[in-house]
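Structure first, commentary second.
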Amino acid sequence: MGFFLTIVVLVAALALAWRYLGSYMAAVFEGRVHWMAWVERPLYRLLGTSPEHEQSWKRYAGALLVFSAVTVLFTYLVLRLQGSLPLNPQHLGGLSPALSWNTAVSFVTNTNWQNYGGETALSYLSQMTLVVQQFLSPAVGIAVAIALVRGLSRRKAATVGNFWVDVTRCLLYILLPIAFLAGIVYVAQGGVQTLAGPVHIHDMLNGVTQTIARGPIAFMTSIEQLGTNGGGFLNANAAAAFENPTGLTNLLDIFLLLCIPFSLTYTFGKMVGSRRQGAALLAAMVLIFGVWVGFTSYAEHQPNPAVAAAGLRHQPTGNMEGKEVRIGDTSTALFGVASTQTSTGSADASYDSFNPIGGFGLLSGIMLGEETPGGTGSGLYTMLLFAVIAVFIGGLMIGRTPEYLGKKIQAREVKLAGFAILIMPITVLVLTALAVSVHAGRVGPLNGGPHGFSEILYAFTSQANNNGSAFAGLSGNTAFYNTLGGLAMLIGRFAIMVPVLALAGSLGEKEVVPTGLGTFRTDNAMFVGLVIGSIILVGALTFFPAVSLGPIVEQLSHGRFFG
């Protein structure tokens, strides 16, 4: 009953967010919100820009790449020089070059993959530097999505907006206010927020000393979830009581990581002048997301085959291995699917302890391509890429030049969309093949056989999709995995963003074609089905052989598909 009540409350909250947060974000990016103008205008003067100075897609992409490169370098230097910088009560030394590289790239690309234990490896200054990136990286993702929406909504336009203005507005009007309010809730529920340093407790009776990590945890948690970041202060992430103390905070986690990706579909509909178009994209997201929640929740409510083999065959609460008793198996599965089908990657349990087919639910959700609903911004622009492909297929079916929102979809647009969609699976499969082919890659998994292969496959799938979750059985803090992982994250972020901006520029230059009797509609159930079919087909054709060698064969080795 608790699980169904959670679903009802979550759906109601997300429905309100879709309507009102989505409308508010449209107003922000259309320049109709000004209550932070006293901060906004001085920032524009400092940056030497203004909302009136718009950029072509090339200048927009150039600003994005330069900004991201500078933030990667700054974060890298802070991590390397940590031992000589302030706010370091534990006197921790700097991270190694490979780990600093991986971590800096991870947080700038909105991946937040963590090959370190936050409370044992990073100073407060380093943690707060990463929090800054947790605000900046989702703002960059949303800015790129809005640029693509402008390309679809404008006629014969040479510009797609201003990168610096879009990022500034996103930070001031969306991310900072919501994260601040959510942070207060986390603190009120018992989340820890302090700079006082760890607590050392000595048990005189048993002669045992324990160190309890503390820090600015609660407010990091709010942007961790809201920005679909996933990188937490504590190694145990949302499974730790200091970060996720109650059932309410667990529900708030799920709501925060879903609210912006879902709501951006309303923003899209509002900005292109047709809320039905936004609702169509939302329907495709919700249908896939709902199926994966049901599938994975059912899988995790089955007995754990390893526990059953050890003699405990009756497991009425399902697979509780690696899970918090206060959260339960089905709510944990809901959190896991929400986290992996966005680019969040946070965890309130050990994903490595899921049943094989439950782990398949998480892994395959990432493999779909981060659009159901995907990350902040990245979910919308990836879904629009699939919409372009679906329109192209629909146009072939009716023998007419494909159009989307009145814009003709021609060879250039299809090539850009196809490249952006396929770069991720190519990266995942090539890097996974490399890892299982060399000794440095094969020594990473702590498990042998299909599960060990799943750990490697999950790692590169997570990083190339900028997700950040992991099967924790992989020893990723090596020069090999840190270096390749950083490369996967960069490709998964910027090799998609740049074609998306090129697509925005190409579409923005086009005139709108009048709707006719032969126009393929893109706001009805047929189009939703075509988009879903395109997503599933691309995911299945590219990844099914790989997952067959991992979670599927592992589950079948237990004698049946479920249980």
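What do you reckon, is Ala63 small (Gly, Ala, Ser), in contact with an Asp or Glu (Cβ under 9 Å, 6 or more places away or on another chain) and farther than 30 Å from Thr211 by Cα? Walk me through how you get there before you give the answer.
Details: small (Gly, Ala, Ser): yes; in contact with an Asp or Glu (Cβ under 9 Å, 6 or more places away or on another chain): no; farther than 30 Å from Thr211 by Cα: yes.
Judged against the criteria, Ala63 is not a match.
Given the conditions (1) outside any helix (DSSP H, G or I); (2) crowded, with 24+ Cβ neighbours inside 10 Å, which single one is not true for Tyr381?
Checking Tyr381 against (1) outside any helix (DSSP H, G or I); (2) crowded, with 24+ Cβ neighbours inside 10 Å, the one that fails is (1).
Being in a helix (DSSP H, G or I) and either out of contact with any Cys (no Cβ under 9 Å at 6 or more places or on another chain) or modelled with pLDDT under 95 (or both) is the requirement here; does Leu195 meet it?
On the way: in a helix (DSSP H, G or I): no; either out of contact with any Cys (no Cβ under 9 Å at 6 or more places or on another chain) or modelled with pLDDT under 95 (or both): yes.
Here the answer is no, as Leu195 does not meet what is asked.
Could you tell me whether any residue of the stretch 120-129 is touching a Gly at 6+ places or on another chain (Cβ under 6 Å) and not aromatic (Phe, Trp, Tyr)?
Scanning the stretch 120-129, I find no residue that is touching a Gly at 6+ places or on another chain (Cβ under 6 Å) and not aromatic (Phe, Trp, Tyr), so the answer is no.
Being of a type in the set (A, V, I, L, M, F, W, C), over 30 Å from Ala479 (Cβ atoms), in contact (Cβ under 8 Å) with a residue 40 or more places away in the chain and crowded, with 23+ Cβ neighbours inside 10 Å, is that true of even one residue in the stretch 426-435?
No; the residues of the stretch 426-435 include none that is of a type in the set (A, V, I, L, M, F, W, C), over 30 Å from Ala479 (Cβ atoms), in contact (Cβ under 8 Å) with a residue 40 or more places away in the chain and crowded, with 23+ Cβ neighbours inside 10 Å.
So that you can scan it fast, the table gives a plain yes or no per residue for (1) touching a helix residue (DSSP H, G or I) at 6+ places or on another chain (Cβ under 6 Å); (2) surrounded by fewer than 19 Cβ atoms within 10 Å (Cβ to Cβ); (3) of a type outside the set (D, E, K, R); (4) within 24 Å of Tyr458 (Cα to Cα):
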residue: Ala279; (1), (2), (3), (4): no, yes, yes, no
residue: Glu300; (1), (2), (3), (4): yes, no, no, yes
residue: Ala308; (1), (2), (3), (4): no, yes, yes, no
residue: Gly322; (1), (2), (3), (4): yes, yes, yes, yes
residue: Arg326; (1), (2), (3), (4): no, yes, no, no
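Quick check: is even one residue across the stretch 109-116 of a type outside the set (S, T, N, Q) and without any contact (Cβ under 8 Å) to a residue 40 or more places away in the chain? Don't jump to the end; show me each part of the working.
Narrowing the stretch 109-116 to residues of a type outside the set (S, T, N, Q): 113, 116.
From what is left, the residues that are without any contact (Cβ under 8 Å) to a residue 40 or more places away in the chain are none.
No, because not a single residue in the stretch 109-116 is of a type outside the set (S, T, N, Q) and without any contact (Cβ under 8 Å) to a residue 40 or more places away in the chain.
Restricting to the stretch 491-507, count the residues that are among the hydrophobic types (A, V, I, L, M, F, W, C), surrounded by fewer than 24 Cβ atoms within 10 Å (Cβ to Cβ) and either in contact with a helix residue (DSSP H, G or I) (Cβ under 6 Å, 6 or more places away or on another chain) or at positive phi (or both).
Within the stretch 491-507, the first condition is being among the hydrophobic types (A, V, I, L, M, F, W, C), and the residues that meet it are 491, 494-498, 500-504, 507.
Still in the running and surrounded by fewer than 24 Cβ atoms within 10 Å (Cβ to Cβ): 491, 494-495, 498, 502.
Applying the additional criterion that residues be either in contact with a helix residue (DSSP H, G or I) (Cβ under 6 Å, 6 or more places away or on another chain) or at positive phi (or both) yields 491, 495, 498, 502.
Residues meeting the conditions: 4.
Provide a single number: the residues in the stretch 473-489 that are among the aliphatic types (A, V, I, L, M), in contact with a helix residue (DSSP H, G or I) (Cβ under 6 Å, 6 or more places away or on another chain) and in contact (Cβ under 8 Å) with a residue 40 or more places away in the chain. Step through it out loud before you land on a result.
So in the stretch 473-489, the residues among the aliphatic types (A, V, I, L, M) come out as 474, 479, 484, 487-489.
With in contact with a helix residue (DSSP H, G or I) (Cβ under 6 Å, 6 or more places away or on another chain) added as a condition, the list becomes 474, 479, 484, 488-489.
Narrowing the set further to residues that are in contact (Cβ under 8 Å) with a residue 40 or more places away in the chain leaves 479, 484, 488-489.
Within the stretch 473-489, residues that are among the aliphatic types (A, V, I, L, M), in contact with a helix residue (DSSP H, G or I) (Cβ under 6 Å, 6 or more places away or on another chain) and in contact (Cβ under 8 Å) with a residue 40 or more places away in the chain number 4.
Look through the stretch 85-125, keep the residues that are assigned to a helix (DSSP H, G or I) and of a type in the set (Val, Ile, Thr), and return whichever of them is farthest from Tyr481 (Cα to Cα).
Residue satisfying both the conditions and the ranking: Thr120.
Looking at (1) free of Cβ contacts under 8 Å to residues at least 24 places away in the same chain; (2) among the charged types (D, E, K, R); (3) within 30 Å of Gly118 (Cα to Cα), which is the only condition Arg275 fails?
Checking Arg275 against (1) free of Cβ contacts under 8 Å to residues at least 24 places away in the same chain; (2) among the charged types (D, E, K, R); (3) within 30 Å of Gly118 (Cα to Cα), the one that fails is (3).
Do you know which residues across the stretch 358-374 are farther than 16 Å from Phe544 by Cα, of a type outside the set (Ser, Thr, Tyr) and either modelled with pLDDT of 90 or more or in contact with a strand residue (DSSP E or B) (Cβ under 7 Å, 6 or more places away or on another chain) (or both)?
Selection gives Pro373, Gly374.
With of a type in the set (Gly, Ala, Ser), within 16 Å of Phe360 (Cβ to Cβ), touching a helix residue (DSSP H, G or I) at 6+ places or on another chain (Cβ under 9 Å) and touching a residue at least 12 places away in the same chain (Cβ under 8 Å) as the only criterion, which of Ala464, Ala470, Ala440 stands out?
Only one candidate passes the filter, namely Ala470.
The values are calculated or read from the model by the stated rules, or taken from the named source; none is laboratory data. Note that this is a predicted model, so its numbers are computed, not measured. Positions of Cβ are backbone-derived with ideal geometry, glycine not excepted, and every protein chain shown enters the neighbour counts.
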